[in-house]
Structures are given as C-alpha cells and as structure tokens.
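In what follows, a structure is listed as structure tokens, so that the remarks can point back to it.
The values are calculated or read from the model by the stated rules, or taken from the named source; none is laboratory data. Remember, predicted model here, so these are calculated numbers, not experimental data. Calculation scope for accessible area: heavy atoms of the full protein, side chains included, ligands and nucleic acids excluded. Shrake-Rupley method; radii C 1.70, N 1.55, O 1.52, S 1.80 Å.
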Amino acid sequence: MVSFSHCTREERRLAIAEGLGVEVVEEHGKYMGLPTVVGHSKKVISNCIRDKLNKKLQGWRRKSLSKAGREILLKVAQSIPTYDMSVLKLPNNFCEELRSLVCQFWWGSDVGKRKIPWIAWNKLCVSKSLGGLGFRDYKLFNAAILGKQTWRLVTERGCLTT
C-alpha cells in the first residue's frame, strides 16, 4: 500500500503504484492509537492523548481513593502517552496541559474550583528515593525518550531493518 500527498496528480499516483506493484490507500487508519499520517498540525494526536488521559482519570472517583490509590492511578495514567512520546516531540504547551490535568486530579480540583497545591509539582516529580513521589515531568520524559531513540539509531547500525 502507498499513500500520496493530495497535490500528486492521479496519473502519477497510478504509475508509481503500478510500478511498485502496490495499491493506493485513500483512507488512513490508526496504528497503536496514533493516526498513520500526521500533518503539520499535531492537534489530532493531542486531542486523542488528552481524551485518553482524561477518560482514565475521570473513570475513577477521586474522593473514593486514598492518596496511595491516587498515586498508583496517576502513575498508570501517566504511562498512556509513552508510545506517542517515543515517536513524536509533543509541543511544550501540550505537555503543560497534560501536567495540569494530572495535577488537578492529584490535588482534588473540581470543575470550576481549584484547590491549593501545597507542594510544587516539580518536587513531586523527584524520585521517591530523593523525597518526591516519582511522577513524570512530561516535557523531560518526552525529550529523554526521543533522545534514547536517537541514540539507538546512531549507535546500532541496521536497527531499522531488524
């Protein structure tokens, strides 16, 4: 299967597809929850990630969970965008939006009401061994996981073919 830009003429599409012996795909689906084609705007992906995270957090009643229960749920919810972050650099303002969703759940903000965050979020993102709770900083995590992928591409020859 092959996909073309909307600017590619129909005759050229058919000639290339015929030469390669593949069919032309007009409709694109999803792979591992991401759209297979990402244009200049990452809004589609951002909305998908935000909705998944929000759905996970709203699925539980915050008031019925203990602090330990909320911590575990947040750590599970924070793993939702891991694959997305391993293949895309998410915009910083979107990472802040995700942090805000998680922060509101942790401190117990209701719709239209905000609770006082007694400790700065960056202190909660410190590992447990250093006195934090080990929550993820989305911007740093995104940079780290993309750096890891880049390092692998540079150091392991042929890793894309295996």
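Using 0.36 nm per residue, how much length does the chain from His6 to Asn122 gain when fully extended, once their Cα-Cα distance is taken away?
That pair, His6 and Asn122, stretches by 37.4 nm at full extension.
By its C-alpha gyration tensor, with a ≥ b ≥ c as the square roots of the eigenvalues, how is the stretch 118-162 shaped: rounded for a/c under 1.5, else prolate for a/b larger than b/c, else oblate?
Values: a/c = 5.01, a/b = 3.32, b/c = 1.51.
Prolate shape, in that a/c is at least 1.5 and a/b is the bigger ratio.
On the protein heavy atoms, probe 1.4 angstrom, tell me the percent of accessible surface of the stretch 120-162 carried by carbon and sulfur. Could you put the intermediate results ahead of the total?
Numbers: 1920 of 3170 Å².
Its accessible area is 61 percent carbon and sulfur atoms.
For the stretch 63-162, the convex hull spanned by the alpha carbon atoms encloses 130 Å³ per residue.
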